[in-house]
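Q: Have a look at the structure that comes next, please.
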Amino acid sequence: MAKRDYYEVLGVERGSSEADLKKAYRRLAMKHHPDRNPDDKDSEEKFKEANEAYEVLSDASKRAAYDQYGHAGVDPQMGGGGGPGFGGQNFSDIFGDVFSDFFGGGQGRGGRGGAQRGSDLRYTLELDLEEAVRGTTVNIRVPTLVNCKPCDGSGAKKGSAPITCPTCGGIGQVRMQQGFFSVQQTCPRCHGQGKIISDPCDSCHGAGRVEESKTLSVKVPPGVDTGDRIRLSGEGEAGAQGGPTGDLYVVISVREHAIFQRDGKHLFCEVPISITDAALGAELDVPTLDGRVKLKIPEGTQTGKQFRLRGKGVAPVRGGGAGDLMCRVAVETPVNLGRRQRELLEEFRASLEGDTSHSPKANGWFEGVKRFFGDL
Ligand SMILES: [Zn+2]
Ligand SMILES: [Zn+2]
């Protein structure tokens, strides 16, 4: 099932403020919370959907990735903007964030302590068929989180250190009692780490990481195809609190070509030919990725006939010889006939009268029709 647009899920405008997002999410979460709708599959789905949407849109870098690349930019399968708790499986973390107001806390997402590996990022790189076949080098700009320099990624102001979380007393868990809620939750103040930053760094406000756009040069090897991934090790998001950096996956998407369709290492193209070339035979110019080549069409060529040009396909990125180019001819019926042309064809038609040897297909077909009606 195709994923719904996250803004649509939350029922908010694309440019909505953080507060509006939170309000919309809270309303949906209240309405569809499993405690309130036991054994209601539909509510459960809606609840998960809202969680996922909020998880992404409430995080500035994920939201930016989503705005730019859609679901692909934050697809958990690709690890893009992923990380623990993504997809609503571990909603307590998100909940903690939303309901932190109840505790007067609101340390923000940066309160998490402990080294965590940074998220992997996904970048979809669109290429023309020619670029994919020959290889290329492209510069891409990726929004990412990098370690904050002044605090060296710790989030704490120079000279200060994180303190024990006063909300949970360092346990990292709290029991929530709010209306119909009565659940053990990850501490919203320290996000389960048991420690908070009392004196946050001025540059990153305690997050330890700051958003930055960086330009990367990506070397695309020849022969890549849609879905191929190039891993740029260590070019993902910086890890939290000095954790290792994630990776960046550049995912290839090859644009449709005006002439060629590609299937693995083989290329396909359709070549329109005239009725006379098909009947009399001809030598045609056909396009390949390396320019034009001659293709000999024998006389009596039927429409749909495929000619194989060996080695004119694609050399696959994983090695092996180049594939072939298949040229499928399509016989074209002439239009806008002049008087003389019409006469010639009339004459030609008359010459066929009573002689079935020139139409092998039509003969077989008429025989079939006769048999069919005879059987009735
Ligand atoms: Zn705590
Ligand atoms: Zn900092």
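The values are calculated or read from the model by the stated rules, or taken from the named source; none is laboratory data. Just so it is clear, the model here is predicted, and its values are computed rather than measured. Every residue, glycine among them, receives a Cβ derived from its backbone with ideal geometry; neighbour counts consider all protein chains shown. Accessible surface areas use protein heavy atoms only, side chains included; no ligands, DNA or RNA. Shrake-Rupley method; radii C 1.70, N 1.55, O 1.52, S 1.80 Å.
Q: If one computes the Cα centroid of segment 118-184 and of segment 10-27, what distance in Å separates the two points?
A: 21 Å
Q: Continuing with this model, one more query. Counting heavy atoms of the protein chains only and a 1.4 Å probe, report the per residue accessible area for the chain as a whole number of Å².
A: 56 Å²
Q: Out of Lys305, Lys265, Lys157, any idea which swings most in a Gaussian network model of the chain, alpha carbons joined below 10 Å?
A: It is Lys305.
Q: Express the Stokes-Einstein translational diffusion coefficient of segment 261-332 in µm² s⁻¹, to the nearest whole number, given a Kirkwood radius over alpha-carbon pairs, 25 °C and a viscosity of 0.890 mPa s.
A: Reported coefficient: 195 µm²/s.
Q: Mind putting a number on the dipole of segment 180-274 about its Cα centre? Charges go on the C-beta only, +1 for Lys and Arg and -1 for Asp and Glu, and I need it in Debye to the nearest 20.
A: 180 debye
Q: Right, something else. So if each residue of separation counts as 0.36 nm, and I subtract the Cα-Cα distance between Leu309 and Glu18, what length gain in nm does that give?
A: The span from Leu309 to Glu18 would gain 99.0 nm if fully extended.
Q: Could the peptides 295-301, 120-126 be put in order, highest first, of the mean number of other beta-carbon atoms found within 10 Å of their residues?
A: Output ranking for 295-301, 120-126: 120-126, 295-301.
Q: Run the accessible area of the chain with a 1.4 Å probe and give the carbon-and-sulfur part as a rounded percent.
A: Summing carbon and sulfur atoms, their accessible area is 50 percent of the total for the chain.
Q: Moving on to the next point. Tell me, what are the semi-axes, in whole angstrom and largest first, of the equivalent ellipsoid of the chain as set by the roots of 5 times the Cα gyration tensor eigenvalues?
A: 65, 27, 15
Q: I need the calculated FRET efficiency for the pair Asp39 and Arg4, taking r as the beta carbon distance and R₀ as 25 Å, to the nearest 0.05.
A: The calculated FRET efficiency here is 0.60.
Q: Along Cα→Cβ, 7 Å out, is where each label goes; now give me the distance between the ones at Arg26 and His205 in nm to one decimal.
A: Output for this residue pair reads 1.8 nm.
Q: Going highest first, how would you order 58-65, 366-373 by mean Cβ packing within 10 Å?
A: 58-65, 366-373
Q: Let me see the pair-distance distribution of segment 175-310: every alpha carbon pair, 10 Å bin width, integer percents in order.
A: 8, 20, 17, 14, 12, 10, 9, 7, 2
Q: Please find, in a Gaussian network model of the chain (springs between Cα atoms separated by less than 10 Å), the residue of Glu353, Glu52, Glu18 whose mean-square fluctuation is greatest.
A: Comparing Glu353, Glu52, Glu18 in the GNM, the peak value goes to Glu353.
Q: Output the lone cysteines of the chain: those with no second cysteine's C-beta under 4.7 Å from their C-beta.
A: Lacking a cysteine Cβ partner under 4.7 Å: Cys269, Cys327.
Q: So for the chain, averaging the separation of alpha carbon pairs under 8 Å that are six or more residues apart and normalising by length, what relative contact order in percent results?
A: With pairs under 8 Å counted, the relative contact order is 14 percent.
Q: Now a separate question. Quote to one decimal, in nm, the extra length available between Lys158 and Lys296 on full extension: 0.36 nm per residue of separation minus the C-alpha distance between them.
A: The span from Lys158 to Lys296 would gain 42.0 nm if fully extended.
Q: At a threshold of 8 angstrom on Cα-Cα distance, excluding pairs fewer than six apart, so keeping six or more, what relative contact order does segment 244-325 reach in percent?
A: RCO, segment 244-325: 27 percent.
Q: How large are Rg and Dmax for segment 242-376 when only the alpha carbon atoms are used, in Å?
A: Looking at segment 242-376, its Cα Rg and Dmax stand at 23.1, 88 Å.
Q: Given the Cα-Cα distance of Lys48 and Arg371 and 0.36 nm per residue of separation, how much length would full extension add, in nm?
A: Roughly 110.1 nm would be gained on extension.
Q: So which of Lys296/Lys361; Lys31/Lys62; Lys62/Lys158; Lys3/Lys48; Lys23/Lys48 end up more than 19 Å apart, counting from Cα to Cα?
A: Lys296/Lys361; Lys31/Lys62; Lys62/Lys158
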